[in-house]
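Participant: Here you go, one structure.
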Amino acid sequence: MLAPVTTVKDIELPGEALLRRFDHPGPRYTSYPTADRFVEAFDAETFAARLAKRGDLASPAPLSIYVHVPFCDKVCFYCACNKVVTRHHERAAEYLDALQTEADLVGGLLTGPRELEQLHFGGGTPTFLSNAELAQVMAMLTERYPLAKNAECSIEVDPRSTPPDKVRTLAELGFNRMSMGVQDFDPQVQKAVNRLQSYEMTRATIDAAREAGFVSVNLDLIYGLPRQTRAGFSKTLDRVLELSPERIALYHYAHLPERFKTQRRILAEELPPSAEKTQIMLDAITRLTEAGYRYIGMDHFAKDTDDLALAQARGRLHRNFQGYSTRPDCDLIGLGVSSISKVGPTYSQNVRELDEYYDRLRAGGLPTARGVMLDRDDLLRRAVIMALMCHFEVSKEGIEAAHLIRFDEYFGRELEDLRAFEDAGLVEITHDWISVSPKGKLLVRGIAMVFDRYLRQDQRLRRYSKIV
Ligand code: SF4
């Protein structure tokens, strides 16, 4: 039995009927166009040319670097990340050499300022690296790309490989934000997903982070995991709230064993039924918002005092491959296997396989596998989609002035499609604004999808193939 519609803070939970009607699978819009639209015609040469052009602009965007560390000690069965599971820690040395080669190749081409506003280590498990290796890679990067004053340096840590002494090392190296996976504290769930991580271990990492001066700690939770129940997840939330992280991400587990091999080790019959899963999510949102967390958008919650919530209140929130960001829209260089870059009006992604990554670098080339050069329409639609995802509203006039169009004419079909959302009370469309209502916030992805030209083309193609 689902709970009635509830209003918590500035988000109103939609009822089951609305969720069923408007919550369709779709992109998370950490980029637009989304990564599945990248093409191989955008290759290493195109990326190199773009790096060299960066300095031509009167005011190039500030710089950000993402470093992907693909290794993990153990596999979590729900995982859909690009990772290499190994107990051979010596494999890190070859990888760090390759990262250095890539940082040099990029550095040799990149024009424009190279001071870093943001640095993010993700994975895989960056804390697979030893303290000495972490120091080595930080020194290698900051020699080439110095950190700006007040730079945001974040790292994804696994409490199972991040005892307090490692946290202190991370702080000494300049990291000031951390994110860690918890998913669920219930030992039965942890067993079913092969991730045993006690509350005490997690607490020790967080306490050490606070003592060492980290300004923000994020915890990742997942609903929809095997053996999860409303009662069990409620206890997890009790413990999460005791830990009082500045930010919480609450993700949905999508069981796609045909696509992700490790998910085949999850027993489908142990997954919570769909109605229970929905209720776990609604319970969690209610608990978190009642405890003072603000729903920032798409899976993310933050305390009102956290930078993310403050940036949203000031209209300065951005969305990037790590979720949400408080920094200006940076040029992003992704280093490491499978990492994604965003430089000027382009996105590009490195090769996904470790051997190919090493081969490309050994041959003296950038490991770019594919990418996309945004055209005028992409840029315009990206601005609309990002405004919806970050601020739940779009100023038609703002878009018209920045992109020299007449909004209602350019987006005639989209506005027509939005009528269904408007009739259901999920958006409000006025002469000047499109605003997502408190009830529509949880469904913002579906609203953003209306503006995605590529999805529209797919739908048309699907319709064609049905007719044929
Ligand atoms: S969830 Fe994280 S730690 Fe677990 S296998 Fe995936 S990348 Fe590794």
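Participant: So what's the gap between the Cα centers of region 48-66 and region 31-47, to the nearest angstrom?
Facilitator: 17 Å
Participant: Right, another one. Going by how many other Cβ atoms sit within 10 Å of their own, how do 39, 343 line up, fewest first? Numbers along the way, then the final one.
Facilitator: On the way: 39 11, 343 24.
Least to most surrounded, the residues fall as 39, 343.
Participant: Any idea how far the Cα center of region 165-188 sits from the one of region 414-443, in Å?
Facilitator: Region 165-188 and region 414-443 have Cα centres separated by 39 Å.
Participant: Taking the DSSP beta bridges in the chain as the whole, what percent of them are antiparallel, to the nearest 5? Please list the in-between numbers first.
Facilitator: Working: 29 of 64 bridges.
Of all bridge pairs located within the chain, approximately 45 percent are antiparallel.
Participant: Which values, in whole Å and largest first, are the semi-axes of the equivalent ellipsoid of the chain obtained as the square root of 5 times each eigenvalue of the Cα gyration tensor?
Facilitator: Numbers: eigenvalues 213, 182, 95 Å².
Semi-axes from the Cα gyration tensor: 33, 30, 22 Å.
Participant: OK, next. At 18 Å minimum axial length over the Cα atoms and a Kyte-Doolittle cut of 0.0, report the qualifying DSSP H helices in the chain, or say none.
Facilitator: On the way: long enough: 91-109 (28 Å, 0.09); 131-144 (20 Å, 0.13); 199-212 (19 Å, -0.61); 230-243 (20 Å, -0.11); 274-290 (24 Å, -0.19); 376-391 (22 Å, 0.39); 453-467 (21 Å, -1.88).
Membrane-span-like by this criterion, though nothing is claimed about a membrane: 91-109, 131-144, 376-391.
Participant: Also: Report the Rg/Rh value for region 376-467, based on alpha-carbon coordinates and the Kirkwood definition of Rh. Could the numbers behind the result be given before it?
Facilitator: Working: Rg = 13.3 Å, Rh = 13.6 Å.
My calculation puts Rg/Rh at 0.98.
Participant: Between the alpha-carbon centers of region 333-381 and region 282-309, tell me the distance in whole angstrom.
Facilitator: Spelled out, the Cα-based centre of one part sits 33 Å from the other.
Participant: Could you pull out every one of the lysines with an alpha carbon less than 28 Å from that of residue 396, ignoring same-chain neighbours closer than 8 positions?
Facilitator: List returned: 9, 342, 439, 441.
Participant: Cβ neighbours within 10 Å, averaged per peptide: list 77-88, 297-308 in order, most packed at the top.
Facilitator: On the way: 77-88: 15.7, 297-308: 20.2.
Top of the packing list down: 297-308, 77-88.
Participant: Cut-off under 20 Å on the C-alpha distance; same-chain residues fewer than 8 positions from residue 261 excluded. Which lysines are left, in chain and number order?
Facilitator: 74, 83, 191
Where a number appears in this text, it was derived from the coordinates with a stated rule and is not lab data. Small disclaimer: the values here were computed from a predicted structure and weren't measured. All Cβ positions, even for glycine, are placed from backbone atoms using ideal geometry, and neighbour counts span all protein chains on display.
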